[in-house]
Structure formats: structure tokens, C-alpha cells
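Data first, discussion second: the structure below is written as C-alpha cells.
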Amino acid sequence: MSKSYSTPVSLPDAGLDRDEVFRRMAAVRDKDTRWRDGRTFSLVFYAGEEMLSVLKEAYTMFFSENGLNPGAFPSLKKFESEVLSMTAGLLGGDSNTAGNMTSGGTESILMAVKTARQKFRAERPDITEPEILVPVTAHPAFDKAGHYFDVKIRHMPVAQDYRADVNAMRDAITERTIMIVGSAPQYPQGVVDPIAELAELAAARGILMHVDACVGGMMLPFVRKLGFDVPDFDFKLPGVTSMSVDLHKYGYAAKGASCVLYRDKDLRRHQYFVYTEWPGGIYASPTVAGTRPGGAIAAAWAIMNYLGEEGYLGITRTVMETVRTVAEGVREMDGVKILGEPHMSVMCLAADDPSLDIYEVGDEMSVRGWHLDRQQYPASLHLTINWAHSQSVEQFLSDLREAIAKARRFSLSKLNSQMGVLAGSALGVLPESMASGITRMFSKMGGSGLPKRSAAMYGMMGKLPNRGDLQDVVKDLLDKFTDAAKK
Ligand SMILES: *Cc1c(COP(=O)(O)O)cnc(C)c1O
């Protein structure tokens with residue numbers, strides 16, 4: 001499709017005045033999701049105004065500083081190394097543990113995959129087509145890394161409890177396997193993979209093992225301290241060679257803050273990029289980014305020091321109480337259930353009764369102002385509960401009860417009872433706004449009388465002739481989201 005979705009915007013001839021700039025920005029912000037009210041479930045981690053103000057002050061204090069050259073900014077160097085060692089300390093690391101701060105979980109995972117590829121290129125040049133085994137539930141950032149770095153990512157089935165199937169992983173390891181992956185926890189159902197068994201397997205086969213603790217790394221240590229049962233998942237297990245941990249999730253840091261950690265400096269060296277022949281000088285950079293925002297590094301240091309262990313424990317206690325309220329509320333409701341046995345505060349809701357369409361429930365929740373991401377395989381709605389939801393949990397449960405009742409009535413009168421499931425993994429996690437964008441695009445592509453609601457859209461997507469079509473549709477949609485907004 002060559003059709004353009006937007007009117008080009010050009011740089012204004014003369015600058016606007018300051019008030020006008022902010023007036024326009026505030027006006028468009030009006031339509032954004034209201035994350036302060038605890039109605040979104042994964043995009044924003046909010047722990048109250050006090051903490052937000054600490055983050056903002058720290059971020060703006062180091063707003064202009066650049067983490068590209070730590071030599072020029074010893075302040076950032078100190079913050080980064082202390083953030084890394086505080087994080088490693090929570091995750092069974094010791095004085096050998098080494099890492100870097102990155103812009104987010106994706107960059108941390110990209111780095112871990114690149115490091116694995118580089119180590120094996122150096123030590124096992126006979127492996128020309130390296131592969132990494134990941135459970136199907138691992139984050140798509142691994143697929144992105146495979147796409148960028150030309151490493152084959154093989155997806156392994158999970159067990160009944162949604163945790164990685166260790167036997168399947170063991171059987172799938174070949175001469176070409178350089179690393180296996182487990183998550184703590186995985187995103188779709190929030191369960192921690194059997195990391196101890198996987199780490200043992202990796203060690204026995206002489207390959208690397210990455211633990212993706214992007215969402216759990218700053219939560220599970222505190223959940224465990226509060227007395228909940230958390231399986232081992234970190235550097236205490238000798239087979240674990242690298243970890244990814246996001247600070248901008250349950251670390252409640254400003255966005256753009258994550259850590260990639262390695263068991264030792266030797267492994268980390270494979271991550272580095274150095275080019276010595278540039279007329280501009282010898283160029284060296286540890287991670288993907290060149291210029292790095294000092295604000296994100298400084299704000300992570302600030303919030304970790306401001307909260308301390310006591311602060312994180314307090315927030316974690318509130319979050320886990322909210323989780324219990326949700327779990328009990330759901331247990332008392334007919335028609336929905338939580339899948340698996342989530343280890344912390346990430347979970348999903350599925351229909352417990354074949355006559356109920358969980359996507360319909362999701363649409364009814366959208367009507368009531370809640371933003372729940374849709375998942376597939378199996379059909380479900382995703383919840384990442386954070387501090388902000390302690391304020392909104394009662395309303396959530398009463399709206400959910402209503403949404404289920406409404407969805408039941410709706411589905412009885414509906415003709416298409418067999419709802420397909422979205423046939424592409426990327427779309428499974430598209431937020432509601434993108435999903436409705438797809439619906440609109442489909443109608444432009446010639447479909448007529450298409451239903452507006454996403455439950456019907458998801459059913460329709462399931463009927464697409466092939467995956468290739470779906471890839472194109474999603475790429476068009478990405479174009480659309482990057483292009484300038486329609487006037
Ligand atoms: C969020 C997340 C990622 C990716 O992190 P980004 O910061 O969004 O790049 C990777 N793995 C898991 C389990 C996650 O929850």
C-alpha cells in the first residue's frame with residue numbers, strides 16, 4: 001500500500017511562543033491514557049507524586065549530561081557503577097559481576113544475545129549458524145536480537161503450568177546451541193521458569209544461560225523477603241551467565257533505565273564495540289546506544305537511594321496485597337480465572353467457561369476506561385499490577401463483574417461464536433489503540449461493515465489467509481504511528 005495516512009507537517013517559519021508550545025502539547029495529551037488513576041497495566045509504573053518529583057528533579061539535574069563518555073562525567077560513571085552493583089547485589093551477584101546500564105529491557109537483551117554470539121565466534125568458530133533456545137513465552141526482544149544479529153531463535157514449548165519445559169529444552173540442544181533462556185517471570189502468565197534446572201542443563205552442556213528478569217528483577221527479591229515462595233532465579237545458580245533487569249519497571253525509575261549483567265568481566269568484553277581507524281578518533285562504546293541520556297542514569301541512582309530496601313519492601317507489600325485482592329475477587333467471579341500460578345504481580349485473565357469470550361470482556365473493560373492488553377495462545381487479558389493499582393482495585397473488580405455480565409449477554413445474541421485468535425505474535429500485545437487502528441485500516445483495504453470493537457477484529461484477524469499478510473498490515477501500522485498526525 002502506497003497510500004499515505006498523514007499530512008506532512010513542516011517546521012514553522014517562525015517559532016511559536018513558549019506558552020503556545022505548551023498549550024498545544026497539553027491539548028494533545030488530553031487524549032492519552034490516564035496512568036495516574038491506575039487504569040493502565042504495563043506502560044507506566046507509578047508510585048505516587050512524591051517519588052515522581054524525586055525522579056523529575058534528578059532527571060533534570062543531569063538532563064544535559066551525556067553517558068557516552070564517562071571520562072567527562074565522573075558523576076554519571078559513579079551513578080552507573082553504583083546502580084549496577086546495587087542491582088547485582090539484589091540478584092546474587094558478587095564482586096566479579098559486571099554489566100552496563102542500557103535504555104531498556106530490549107537493549108539489555110540485544111546485548112546479551114550479541115555477547116553470546118561474539119563469545120562463540122571467538123571460541124567456537126566452527127559454529128557458523130548459532131542458535132539460542134527460548135521458551136515460546138520469552139519476550140520478543142530475543143526474536144528482535146536474532147533478527148538484528150543473525151542468530152537463530154528456536155521457540156520451545158512450555159509445560160501445562162506455562163513454565164519452560166526443561167526436557168523439551170534438553171532434547172532440543174544441538175551442536176549449534178550457544179545459549180538457553182529462562183524468564184523470571186515470563187510476561188504472559190507471570191510465572192518464573194524452572195531456572196535452577198535450566199541453569200544446570202546449560203552448565204552441563206558448556207553453553208550460556210540468560211535469565212530475563214526485566215520485569216521481575218526489582219520485584220522478586222523483595223517478594224521473597226516478604227515471605228512469599230520464589231524459586232531460585234539469579235546468579236546464586238552457577239549456570240546463570242547473564243541477566244537483564246529493568247529499573248524503569250518495578251525499580252520505579254524514569255524510563256530509559258535497565259541493566260544487563262554478566263557473571264564476570266571476561267564475558268562482558270564480548271559485548272563491547274571498538275573502532276580504532278576513524279579520523280574522528282578511537283571510538284568505543286559498550287552498548288547499542290552512542291549518546292546516552294544522563295538523566296535516566298541519574299534518576300535511577302536517585303530513586304534507588306531514596307527508597308532503599310525499606311522503601312522497596314513497603315511498595316512491594318502494597319503491590320502484593322493488591323494482587324491478593326485481585327486474585328480473591330476473580331476467584332469469586334463466575335466465568336473468569338487466572339491462568340497458572342503467578343509468582344508475583346504479573347498475571348492474566350482467561351475465560352473459565354466456553355460461552356464467554358474474554359476479548360468481549362476486554363472490550364467492555366475498555367468502555368469502562370481500563371486498558372488491558374489482549375493476549376493469544378490462549379486468549380486472555382494481561383495484568384501487570386503495580387503500586388498505582390492499590391488505588392483502583394475495588395473499582396476494577398466491580399467493573400470486571402459488570403463487564404463479564406455484559407459480555408455474556410452480548411455473546412448469546414452473536415452469530416459468530418467461533419472467535420479466531422490473532423495470528424501473529426507481535427499483535428498479541430498490541431494495545432487497544434493500535435488494535436482499533438488496524439480495524440480502521442482493514443476497512444480502508446476494502447472490507448465493508450467491519451465491526452469497531454476489537455473482539456470482533458481479533459476474530460477477523462484469525463481468518464487472514466497467511467502470516468505474511470499480517471506482517472504487512474502491522475508494518476503499515478508502524479508507518480502510520482511514526483508519521484505525523486493528521487491535521
Ligand atoms: C518489558 C519486558 C522486556 C522488554 O523491556 P523494554 O524495556 O520494554 O524494552 C523484556 N522481557 C520482559 C519479561 C519484559 O517484561
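Tabulated results
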quantity	calculated
Two-site label geometry, Arg331 and Thr33: point separation in nm, points 7 Å out along Cα→Cβ	2.8 nm
Entries of Lys119/Lys144; Lys225/Lys255; Lys78/Lys114 with Cα pairs more than 23 Å apart	Lys225/Lys255; Lys78/Lys114
Computed lengthening from Ala405 to Glu82, 0.36 nm per intervening residue step minus Cα-Cα distance	111.2 nm
Rounded if a/c under 1.5, otherwise prolate or oblate - the stretch 94-179, Cα gyration tensor axes	oblate
Cα centroid separation, the stretch 325-366 to the stretch 168-184 (Å)	32 Å
Unit charges at the beta carbon, dipole of the chain: most positive-side option, Met86, Leu237, Val181	Val181
Inter-probe distance in nm under a simple model that places probes 7 Å from Cα toward Cβ, at His147 and Thr174	2.3 nm
Global form of the chain, assessed from the alpha-carbon gyration tensor, a/c cut-off 1.5	rounded
Lys, Arg +1 and Asp, Glu -1 on Cβ, resulting dipole of the chain about Cα centre, debye, nearest 20	1040 debye
Spread of Cα-to-Cα distances over 10 Å intervals beginning at zero, given as percent, for the stretch 8-156	8, 20, 29, 27, 12, 4, 0
Net dipole in debye of the stretch 80-171 [+1 Lys, Arg Cβ; -1 Asp, Glu Cβ; about Cα centre; nearest 20]	200 debye
Three semi-axes of the equivalent ellipsoid, the stretch 143-291, Cα gyration tensor, whole Å, largest first	28, 21, 14
Solvent accessible area, Å² - Tyr252, 1.4 Å probe, full protein context	10 Å²
Electrostatic dipole magnitude of the stretch 86-132 [Cβ: Lys, Arg +1; Asp, Glu -1; Cα centre; debye, to 20]	100 debye
Listed residue (Ile207, His382, Met169) projecting farthest to the positive dipole end of the chain, Cβ model	His382
Accessible surface of Arg121 - all protein chains present, 1.4 Å probe, nearest 10 Å²	130 Å²
Ranked order, His248, His389 - accessible area, probe 1.4 Å, largest first	His248, His389
Accessible area, probe 1.4 Å, largest first, for residues Thr325, Thr287	Thr325, Thr287
Residues Asn167 and Asp229, FRET efficiency given R0 of 30 Å [Cβ-Cβ distance, rounded to 0.05]	0.80
Percent accessible area from carbon and sulfur atoms, the stretch 1-108, protein chains only, probe 1.4 Å	55 percent
Computed Kirkwood radius, in angstrom, where 1/r is averaged over Cα pairs of the stretch 278-396	17.6 Å
Using a Förster distance of 35 Å, the FRET efficiency for Ala14-Ala289 (Cβ separation, nearest 0.05)	0.55
Accessible-area value, Asp94, 1.4 Å probe, nucleic acids and ligands omitted, Å²	90 Å²
The chain, relative contact order in percent, only Cα pairs under 8 angstrom and at least six apart counted	19 percent
Accessible heavy-atom area order of Tyr46, Tyr272, highest first, probe of 1.4 Å	Tyr272, Tyr46
Extended-chain gain in nm, criterion 0.36 nm per residue less alpha-carbon gap, Ser392 and Leu478	27.8 nm
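The values are calculated or read from the model by the stated rules, or taken from the named source; none is laboratory data. Predicted model only: the values in this text are computed from it and were never measured. Counting neighbours? That spans all protein chains shown, and the Cβs are built from the backbone with ideal geometry, glycine included. The area values use the complete protein model at the heavy-atom level, side chains included, leaving out ligands, DNA and RNA. Shrake-Rupley method; radii C 1.70, N 1.55, O 1.52, S 1.80 Å.
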